[in-house]
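The values are calculated or read from the model by the stated rules, or taken from the named source; none is laboratory data. Only a predicted model underlies this, so the values are computations on that prediction, with no experimental measurement involved. Here the Cβ positions follow ideal geometry from the backbone for every residue, glycine too, while neighbour counts run over all protein chains shown. Quick note on the areas: whole protein, heavy atoms, side chains included, nothing else; ligands and nucleic acids left out. Shrake-Rupley method; radii C 1.70, N 1.55, O 1.52, S 1.80 Å.
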Amino acid sequence: MKDTSWFNEIQADGGVIFFASGVFYYFLTEDVKALFLAMAEHFAQGRIVFDTCGKTGAKMISKTWLKQAEIKDVTRIFRWRCSKGNCPLVRQI
(Lines give C-alpha, C1' and ligand atoms only; values in the text may rest on other atoms or scores of the structure.)
Protein backbone atom coordinates (compact mmCIF):
# COMPACT_ATOMS: atom_id res chain seq x y z
CA MET A 1 0.00 0.00 0.00
CA LYS A 2 2.95 2.30 0.54
CA ASP A 3 4.45 1.63 -2.88
CA THR A 4 2.96 4.29 -5.14
CA SER A 5 5.21 3.68 -8.14
CA TRP A 6 2.17 2.38 -10.05
CA PHE A 7 0.78 5.93 -10.06
CA ASN A 8 3.19 6.77 -12.87
CA GLU A 9 1.73 4.03 -15.08
CA ILE A 10 -1.67 5.73 -15.26
CA GLN A 11 -2.43 8.35 -17.88
CA ALA A 12 -4.72 10.73 -16.02
CA ASP A 13 -4.47 14.05 -17.83
CA GLY A 14 -8.25 14.27 -18.17
CA GLY A 15 -8.97 12.91 -14.71
CA VAL A 16 -9.31 9.41 -13.37
CA ILE A 17 -11.75 7.39 -11.27
CA PHE A 18 -10.58 4.61 -8.97
CA PHE A 19 -12.95 1.94 -7.69
CA ALA A 20 -12.09 -0.07 -4.57
CA SER A 21 -14.68 -2.52 -3.31
CA GLY A 22 -14.13 -4.53 -0.16
CA VAL A 23 -10.56 -3.32 0.17
CA PHE A 24 -10.08 -0.72 2.87
CA TYR A 25 -11.66 -2.72 5.69
CA TYR A 26 -8.39 -4.58 6.10
CA PHE A 27 -6.07 -1.60 6.56
CA LEU A 28 -5.32 0.78 9.39
CA THR A 29 -6.81 4.27 9.17
CA GLU A 30 -3.32 5.79 8.94
CA ASP A 31 -2.47 3.62 5.91
CA VAL A 32 -5.70 4.47 4.10
CA LYS A 33 -5.21 8.16 4.87
CA ALA A 34 -1.63 8.08 3.53
CA LEU A 35 -2.82 6.41 0.33
CA PHE A 36 -5.67 8.88 -0.16
CA LEU A 37 -3.36 11.84 0.42
CA ALA A 38 -0.79 10.49 -2.03
CA MET A 39 -3.50 9.83 -4.62
CA ALA A 40 -4.96 13.31 -4.13
CA GLU A 41 -1.56 14.88 -4.66
CA HIS A 42 -0.69 12.82 -7.73
CA PHE A 43 -4.16 12.71 -9.31
CA ALA A 44 -5.44 16.24 -8.71
CA GLN A 45 -8.50 15.68 -10.92
CA GLY A 46 -9.09 12.15 -9.67
CA ARG A 47 -11.92 10.58 -7.72
CA ILE A 48 -12.11 7.41 -5.65
CA VAL A 49 -15.24 5.35 -5.11
CA PHE A 50 -15.20 2.80 -2.31
CA ASP A 51 -17.44 1.03 0.13
CA THR A 52 -17.26 0.93 3.89
CA CYS A 53 -19.42 -0.17 6.76
CA GLY A 54 -20.12 1.15 10.21
CA LYS A 55 -19.94 -0.54 13.57
CA THR A 56 -23.36 -2.17 13.15
CA GLY A 57 -22.43 -3.55 9.73
CA ALA A 58 -19.19 -4.98 11.09
CA LYS A 59 -21.10 -6.68 13.92
CA MET A 60 -23.60 -8.20 11.49
CA ILE A 61 -20.85 -9.53 9.26
CA SER A 62 -19.01 -10.93 12.29
CA LYS A 63 -22.10 -12.90 13.28
CA THR A 64 -22.74 -14.28 9.79
CA TRP A 65 -20.06 -14.94 7.20
CA LEU A 66 -17.03 -14.57 9.49
CA LYS A 67 -18.54 -17.19 11.77
CA GLN A 68 -19.38 -19.44 8.81
CA ALA A 69 -15.84 -19.04 7.48
CA GLU A 70 -14.53 -19.94 10.95
CA ILE A 71 -12.49 -16.75 11.16
CA LYS A 72 -11.59 -16.33 14.81
CA ASP A 73 -9.24 -13.34 14.83
CA VAL A 74 -11.52 -10.48 13.84
CA THR A 75 -8.97 -7.88 14.93
CA ARG A 76 -7.52 -8.21 11.44
CA ILE A 77 -10.91 -7.55 9.84
CA PHE A 78 -12.65 -4.18 9.54
CA ARG A 79 -9.87 -2.03 10.91
CA TRP A 80 -11.12 1.08 9.11
CA ARG A 81 -14.75 2.05 8.90
CA CYS A 82 -17.14 4.95 8.88
CA SER A 83 -19.92 5.39 11.41
CA LYS A 84 -23.10 7.47 11.38
CA GLY A 85 -21.98 9.67 8.52
CA ASN A 86 -18.64 10.32 10.21
CA CYS A 87 -15.95 9.27 7.81
CA PRO A 88 -12.58 10.63 8.91
CA LEU A 89 -10.99 10.62 5.46
CA VAL A 90 -13.82 11.54 3.16
CA ARG A 91 -15.30 14.79 2.09
CA GLN A 92 -19.03 14.13 2.01
CA ILE A 93 -20.69 15.18 -1.23
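Computed from backbone phi, the HN-Hα couplings of the stretch 19-27 come to 10, 9, 10, x, 9, 6, 4, 8, 10 Hz, rounded to whole numbers (Karplus: 6.51 cos²θ - 1.76 cosθ + 1.60, θ = phi - 60°; Gly and Pro given as x).
Remark on the stretch 26-66: ratio of C-alpha radius of gyration to 2.2 N^0.38 Å is 1.55. Positive contributions from Lys and Arg (+1) and negative ones from Asp and Glu (-1), summed over other residues with Cβ under 15 Å from the Cβ of K2, come out at -3. The simple Förster model, with R0 at 30 Å and r as the Cβ-Cβ distance, assigns M1 and Q45 a FRET efficiency of 0.85. Share of carbon and sulfur in the accessible area of the stretch 1-65 stands at 56%, probe radius 1.4 Å.
For V23, the residues 5 or more places off, or on other chains, whose built amide H falls under 5 Å of its own are D51.
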